[in-house]
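Inspection log for the structure reproduced underneath, given as structure tokens.
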Amino acid sequence: MPGKSRMWVYSPYKAANAAISAFQKEEIEAKCKPLIERFKKQYVKEKPDKRFNYTIDIFLKWRGSYLSFIQRMRGEQEGFPPQEFNAGFARLGFIRKDWVNLSYFRHTDQWFLIETGLALDDALQMIESDPVFHPVG
């Protein structure tokens, strides 16, 4: 075929996400709650600097088989109406009940996959120990 060339292109394997039952979601959330509480103590300030957006809450949110770590932000800059918004900072994509893919939310407004096939406990430890997975604060 003149003018047509073909070539192989790398296409990474994308594992199908697991279907997580409501009971399993509760178990997983229970494992994540201590980390959320530590983040709240560290990043939710009693007297924040209101010249900048600041964190008012940190929570978990499910979307299908993805569990996102979300921070609720408030902005009260002078000359602008007060506003609140959510910002994700870490996400677990469940392959199976205790096996996950770990991503963080980039400044480009996209999730960036860091690790695949991690045990849930290892992923939670990475989120806690690596600042790239922490809330903006």
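Data overview
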{"item": "Cβ-based exposure ranking for 136, 44, in which fewest neighbours within 10 Å come first", "result": "136, 44"}
{"item": "Solution diffusion estimate, µm²/s, Stokes-Einstein, the chain, Kirkwood Rh from C-alpha pairs, 10 °C, viscosity 1.306 mPa s", "result": "95 µm²/s"}
{"item": "Assigned charges on the beta-carbon of Lys, Arg, Asp, Glu; the chain dipole about Cα centre (debye)", "result": "420 debye"}
{"item": "Computed over the chain: relative contact order in percent, which uses C-alpha pairs under 8 Å that are six or more apart", "result": "19 percent"}
{"item": "Two-site label geometry, residue 63 and residue 49: point separation in nm, points 7 Å out along Cα→Cβ", "result": "3.0 nm"}
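FYI, it's all coordinate maths here, none of it is from the lab. This one's a predicted model, so the numbers in the text were calculated from it and none came from an experiment. As a convention, Cβ positions derive from the backbone with ideal geometry for all residues, glycine included, and neighbour counts pool all protein chains shown.
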